[in-house]
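Peer 1: Once you've had a glance at the structure underneath, I'll fire off some questions.
The values are calculated or read from the model by the stated rules, or taken from the named source; none is laboratory data. Every value quoted in this text rests on a predicted model; they were computed, and no experiment measured them. Virtual Cβ from ideal backbone geometry, glycine too; neighbours counted across all protein chains shown.
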Amino acid sequence: MKIRELTQNWEQTAKGRITRNSYEVKLCLEDAARLAALNEMYPKRRIEDLITDLLSSALEELEASLPYEAGTEVIARDEMGDPLYKDEGETPRYLALSRKHLQELIDQQQEVQH
């Protein structure tokens, strides 16, 4: 979800899997004031929910902004027949690490449930 779409979504209940882990952060005064302003504008949302939504959107935008670095392996052809090369930049590494850590978190939750 894009950051600009968040305010449209904050009036509704957020959905998604939630980790049992918690993370403590210290905010600069300016960010704390911005969060307080958002909380006042969207009183149905807890500050923790606002932080979760903002972080999720920022991570999605970060992922989308990782640079593409064309490798040497052709993985497909576009509609014009030009080759599309396998990404050898940070994106595949980031995605692989994200999947690894997601699986670890899922495994941890399943262990707690059993």
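Peer 1: Tell me, please, whether a residue that is within 30 Å of Arg17 (Cα to Cα) and acidic (Asp, Glu) can be found in the stretch 90-103. Please lay out each step first, then the result.
Peer 2: Taking the stretch 90-103 as the starting set, the residues that turn out to be within 30 Å of Arg17 (Cα to Cα) are 90-103.
In the following step, the residues that additionally are acidic (Asp, Glu) were identified as 90.
Taking every residue of the stretch 90-103 in turn, at least one turns out to be within 30 Å of Arg17 (Cα to Cα) and acidic (Asp, Glu).
Peer 1: OK, next. Among the residues of the stretch 38-70, write down those that are exposed (fewer than 13 other Cβ atoms within 10 Å of the Cβ) and either among the small types (Gly, Ala, Ser) or in contact (Cβ under 8 Å) with a residue 40 or more places away in the chain (or both).
Peer 2: Passing the criteria: Ala58, Glu61, Ala64, Ser65.
Peer 1: Moving to a separate point now. What residue, among those in the stretch 1-54 that are assigned to a loop (DSSP other than H, G, I, E, B) and among the polar types (S, T, N, Q), is modelled with the lowest pLDDT? Give the steps one after another, and end with the answer.
Peer 2: Here is the first cut: in the stretch 1-54, the ones assigned to a loop (DSSP other than H, G, I, E, B) are 1-2, 10-28, 42-46.
Filter once more, so that each one left must be among the polar types (S, T, N, Q): 12-13, 19, 21-22.
Numbers: Gln12: 61, Thr13: 56, Thr19: 80, Asn21: 83, Ser22: 87.
Only one residue tops the list, namely Thr13.
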